[in-house]
2 protein chains.
Amino acid sequence: MKIVLLGSGNVATHLGKALKNSNHHILQVWSRNHENALALADELSASVIKCIDQVDKHADIIFICVKDEAIAEIAGQLPKTNQLIIHTSGTQTIEILRLHQFSGVIYPLQTFSKSREVLFKEVPVFFEGSDEPVNQQLKTLAQSISNHVNFADSDKRKILHVAAVFAANFSNFLYTTAQQILEDNGLSFDFIKPLIAETATKIQFLNPLDAQTGPAIRQDIEIVNSHIQALIKYPGAQELYALMSQQIVKMAKEKNG
Amino acid sequence: MKIVLLGSGNVATHLGKALKNSNHHILQVWSRNHENALALADELSASVIKCIDQVDKHADIIFICVKDEAIAEIAGQLPKTNQLIIHTSGTQTIEILRLHQFSGVIYPLQTFSKSREVLFKEVPVFFEGSDEPVNQQLKTLAQSISNHVNFADSDKRKILHVAAVFAANFSNFLYTTAQQILEDNGLSFDFIKPLIAETATKIQFLNPLDAQTGPAIRQDIEIVNSHIQALIKYPGAQELYALMSQQIVKMAKEKNG
């Protein structure tokens, strides 16, 4: 397929590379940030365009990989076209592209950082098209870059995104919090890296409910309180600790009947 | 070393196995839960004792691996002895064993579940002894089961434990929350397993602050609010989502100056 990429962030970068590696042809890259567009276009052997109305008419597909709040605006700037317009947001509905006759969503459920390679074939990808032929087209496209392709309508996709925020973005924020507390006390973040790795590996095999350990699930209220007290200098972490422990204790009580 | 193990939970089980695998001799196992004691003793080729006063006088070391709130009580039940008494809690101080002349702490910083094997040699282990000769003894003992041994006094150990609760126990609770939301909406938890794995793997190489992705760090308030709304049926998850997003947005603002 001949593809134009609008955006140059984490998703645009990894998706662009995955498409190129699967022998699709990235014609052009556009980004609000021209520097980033240049860098990505270089990596994808594509040209750079400065304005959205320069989009190549010979492209089959135009990917909009920008911040959610900018998708509608970018879609509105594209000329009326028979090309397939795709966004990659977990939370925006397909309706946001309704100006265009052929539209769809390709949602890769993974956390992407530019500085880290990802095995895209292992990334679960969800698709939704404006009609059945588009669904087929999206499915074929998605299967060319991933071995884990499923249909998800906009409601299901939003649920997937919310779950992903908990599992990934919020977990990472907990790592950040732990790091801050450790380093602030002269302890290396490296000490808890094996713990982080094991915690994530465990639930590939165990149900997370069964994998839960720690003072709160043991309803060891004395420890919970002593930790909350130890966090006096970290009001944000303290508030998080209290709320999460309260919810885990509640879960423990429900589990034990 | 000849060792007695008081306790039969996750830590007792994994520590017992690690000690046995490093050619220490587990003489006896005691547990409040006699069934569990029998099972663990069987696995460790040890005898079972029903009362703490049956502890073998020929043992060099007595490990107290019980719930934090029970440590003092168990330590009090042990006869005055020259044996080395060790607890394994992250949060309890060494002072809790002060009745005994030779005492110490061995704190393995990892999450243990009985149903999952752990490569104990890779587990960071922290020690603290009641005096310098005991410190040396604990260091040697710890190094026999782990390649990552450090001294940590009771204050530092507590910080390590608090950080571990964030990085492991709370992360796992986020996985549980994600699972509940997914399965409640007919979606498989399997869909986010690659995401969980990648999120944890990433921070082995990237600083978690740099690895942070998602709507909150992008300060995409529209998405954050739409997710909070989508969680209306899950008040606990909703409260967590709001608090974590608020803290991540704050971090984003500080990061961007």
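Couple of notes before you dig in:
- 2 or more residues more than 7 Å from chain B (Cβ to nearest Cβ) and closer than 29 Å to B:D210 by Cβ: qualifying helices (runs of 4 or more DSSP H) within the stretch A:153-257: A:154-164, A:171-184, A:235-255
- Output for the stretch B:115-137, where each listed residue is under 15 Å from the mean Cα position of the chain (by Cα) and either more than 24 Å from B:G9 (Cα to Cα) or surrounded by 13 or more Cβ atoms within 10 Å (Cβ to Cβ) (or both): B:R116, B:V118, B:F120, B:E122, B:V123, B:P124, B:V125, B:F126, B:F127
- Lone unmet requirement of (1) surrounded by fewer than 22 Cβ atoms within 10 Å (Cβ to Cβ); (2) in contact with a Pro (Cβ under 7 Å, 6 or more places away or on another chain) for A:K50: (2)
- Residues satisfying the stated conditions in the stretch B:180-212, i.e. out of contact with any helix residue (DSSP H, G or I) (no Cβ under 6 Å at 6 or more places or on another chain) and β-branched (V, I, T): B:T201
- For the stretch B:130-151, the criterion of being within 10 Å of another protein chain (Cβ to nearest Cβ), in contact (Cβ under 8 Å) with a residue 40 or more places away in the chain and of a type in the set (V, I, T) is met by no residue.
Residue by residue, here is whether (1) of a type outside the set (K, R); (2) away from chain B (no Cβ under 14 Å); (3) more than 14 Å from A:F112 (Cβ to Cβ) holds:
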position	(1), (2), (3)
A:V11	yes, no, no
A:L15	yes, yes, no
A:H25	yes, yes, yes
A:V29	yes, yes, yes
A:R32	no, no, yes
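- Hey, B:E73 among the acidic types (D, E) and farther than 21 Å from B:Q92 by Cα or not: no
- Filtering the stretch B:138-152 to residues that are crowded, with 20+ Cβ neighbours inside 10 Å and assigned to a helix (DSSP H, G or I) leaves B:L138, B:L141, B:A142, B:I145.
- Flag for B:H87 being out of contact with any helix residue (DSSP H, G or I) (no Cβ under 9 Å at 6 or more places or on another chain), modelled with pLDDT of 95 or more and either within 18 Å of B:A142 (Cβ to Cβ) or surrounded by fewer than 23 Cβ atoms within 10 Å (Cβ to Cβ) (or both): no
- Residues that are within 23 Å of A:V224 (Cβ to Cβ), surrounded by fewer than 20 Cβ atoms within 10 Å (Cβ to Cβ) and hydrophobic (A, V, I, L, M, F, W, C), drawn from the stretch B:55-83: B:A70, B:A72
The values are calculated or read from the model by the stated rules, or taken from the named source; none is laboratory data. Quantities reported herein were computed from a predicted structural model and do not represent experimental measurements. In this analysis, Cβ positions are derived from the backbone assuming ideal geometry, glycine residues included, and neighbour counts consider all displayed protein chains.
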